[in-house]
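The values are calculated or read from the model by the stated rules, or taken from the named source; none is laboratory data. Here the structure is a predicted model, which is why all the values come from computation and not from measurement. Please note: Cβ atoms are built from the backbone with ideal geometry, for glycine as well, and neighbour counts cover all protein chains shown. For accessibility, only protein heavy atoms count, side chains too; no ligands or nucleic acids. Shrake-Rupley method; radii C 1.70, N 1.55, O 1.52, S 1.80 Å.
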Amino acid sequence: MKISYTVDDAHDGREIRQLASSTLGLSAKLWKHIKWNGTILVNGKPCRDASLRVKAGDELTMLWQEASPVVPVDLPLDVLYEDEAFLIVNKPAAMIVHPTHREARDTLVHAVAGYFRRRGEAAGIHPLYRLDRDTTGIVVLAKSARIQHAMTQHYGQIYREYLALVTGHLDRGKGCIDMPIGRDTSKANHWRVRADGKRALTEYEVRASWSAYSLLKLHLLTGRTHQIRVHLAALGHPLLGDAAYGGPRDAIARQALHAWRVRFRHPLTGKAIQVQAPVSQDIRRLIGPDIVSRETSSFLYG
């Protein structure tokens with residue numbers, strides 16, 4: 001990876017290490033990696049002194065290797081978008097994003113490592129958020145720690161929209177669920193609404209209804225673990241298939257939740273990036289092609 005920067009008048013006399021964090025936006029971890037394992041050039045000449053004060057007009061270059069320690073595995077990977085900074089993929093059900101134990105070889109990051117190996121690309125693997133094992137849809141991965149740092153400075157830089165099928169019919173067609181979430185100490189890996197939890201906000205809109213269930217479009221304003229699942233269960237409308245939070249499993253064998261759309265501003269180009277993941281077949285079967293087509297049209301043209 002490479003960063004090049006021409007020192008302007010406003011930063012004349014600054015130390016290289018000051019520019020690394022303030023102007024170049026490097027995280028402390030990445031700056032440490034560059035300083036000890038990378039190369040710093042000032043006007044094309046190597047520099048080992050991080051306290052060197054540069055002058056206006058100086059050309060500052062930082063070089064480092066960006067590679068993942070994850071063992072590459074040849075697994076299917078549905079790529080939705082890719083450029084020099086990002087890889088955006090459509091995660092299937094029954095796949096976790098990160099390995100939970102050392103022997104794991106079937107996670108999303110293993111599949112991405114295998115994809116990079118097949119292409120001969122030395123890139124980092126930095127998921128910007130996680131999806132639960134059985135939630136399908138979009139995962140955005142940064143190819144470098146610098147991009148990851150830039151994108152995670154402020155929650156909400158990535159606008160994420162979900163589709164969910166829930167039991168019954170909500171009283172209101174749209175709204176914002178504002179309920180704090182904390183650990184459920186009575187069950188392992190479970191969360192619940194609790195007064196001493198962290199604030200959690202979920203916007204929702206009912207998009208269609210059937211006799212026993214409804215289709216919701218959801219937008220996360222915060223990123224708590226299991227947030228959508230916990231919030232909807234607390235309202236009395238758990239996700240179809242989500243047995244962990246009280247949802248029935250007769251219509252679908254996993255929680256009916258799909259990370260559907262993503263929008264964000266590219267940190268390098270300023271370009272607006274928007275991506276949509278095809279609705280998984282098990283959810284498509286329950287909502288029908290007409291609803292899928294209508295939602296796709298509203299995203300592309302509305």
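The number of residues in the stretch 145-192 being farther than 30 Å from Gln281 by Cβ, modelled with pLDDT of 90 or more, crowded, with 19+ Cβ neighbours inside 10 Å and of a type in the set (Gly, Ala, Ser) comes to 0. Selection within the stretch 7-17: residues that are outside any loop (DSSP other than H, G, I, E, B) and over 22 Å from Gln65 (Cα atoms). The member of this set that is most open to solvent (accessible area, probe 1.4 Å) is Asp9. Given the conditions (1) open to solvent by 70 Å² or more (accessible area, probe 1.4 Å); (2) closer than 30 Å to Ala256 by Cα; (3) touching a residue at least 12 places away in the same chain (Cβ under 8 Å), and given that Asn37 satisfies all but one, which numbered condition is not satisfied? (2) is the only condition that Asn37 fails.
Evaluate the following for Thr107: is it under 30 Å from Gly38 (Cβ atoms) and within 16 Å of the chain's Cα centre (by Cα)? So Thr107 passes the test. Hey, any hits in the stretch 268-281 for a residue that's more than 26 Å from Gln153 (Cβ to Cβ), surrounded by 14 or more Cβ atoms within 10 Å (Cβ to Cβ), of a type in the set (A, V, I, L, M, F, W, C) and in contact with a strand residue (DSSP E or B) (Cβ under 8 Å, 6 or more places away or on another chain)? Checked against the condition, which is being more than 26 Å from Gln153 (Cβ to Cβ), surrounded by 14 or more Cβ atoms within 10 Å (Cβ to Cβ), of a type in the set (A, V, I, L, M, F, W, C) and in contact with a strand residue (DSSP E or B) (Cβ under 8 Å, 6 or more places away or on another chain), the stretch 268-281 yields at least one hit. Can you tell me which residue in the stretch 62-77 is nearest to Val109 (Cα to Cα), limited to those that are open to solvent by 50 Å² or more (accessible area, probe 1.4 Å) and touching a residue at least 60 places away in the same chain (Cβ under 8 Å)? Looking at residues that are open to solvent by 50 Å² or more (accessible area, probe 1.4 Å) and touching a residue at least 60 places away in the same chain (Cβ under 8 Å), I get Gln65.
Just one of (1) surrounded by 16 or more Cβ atoms within 10 Å (Cβ to Cβ); (2) outside any strand (DSSP E or B) fails for Lys32. It is (1). Restricting Leu220, Leu215 to residues that are touching a Lys or Arg at 6+ places or on another chain (Cβ under 8 Å), at pLDDT below 95, over 30 Å from Leu19 (Cα atoms) and of a type in the set (A, V, I, L, M) narrows the list to Leu220.
Only one of these is within 20 Å of Arg160 (Cβ to Cβ) and at pLDDT below 95: Val292, Val230. Name it. Spell out the reasoning first.
Working: Val230 fails: at pLDDT below 95.
None of the others qualify; the one that does is Val292.
Among the residues making up the stretch 193-211, a single one is closer than 19 Å to Val262 by Cβ and open to solvent by 70 Å² or more (accessible area, probe 1.4 Å): Glu203.
A quick yes/no check of all residues on (1) under 23 Å from the mean Cα position of the chain (by Cα); (2) surrounded by fewer than 18 Cβ atoms within 10 Å (Cβ to Cβ):
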| position | (1), (2) |
| --- | --- |
| Tyr213 | no, no |
| Lys217 | yes, no |
| Arg224 | yes, no |
| His231 | yes, no |
| Val262 | yes, no |
| Ile283 | yes, no |
| Ser293 | no, yes |
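In the stretch 85-104, is there at least one residue being of a type in the set (Asp, Glu) and either without any contact (Cβ under 8 Å) to a residue 60 or more places away in the chain or out of contact with any strand residue (DSSP E or B) (no Cβ under 9 Å at 6 or more places or on another chain) (or both)? The answer is yes, given that some residue of the stretch 85-104 is of a type in the set (Asp, Glu) and either without any contact (Cβ under 8 Å) to a residue 60 or more places away in the chain or out of contact with any strand residue (DSSP E or B) (no Cβ under 9 Å at 6 or more places or on another chain) (or both).
Going through the stretch 9-34 one residue at a time, which ones are without any contact (Cβ under 8 Å) to a residue 12 or more places away in the chain and within 23 Å of Ala142 (Cβ to Cβ)? Of everything in the stretch 9-34, those that are without any contact (Cβ under 8 Å) to a residue 12 or more places away in the chain and within 23 Å of Ala142 (Cβ to Cβ) turn out to be Ser21, Ser22, Ala28, Lys32.
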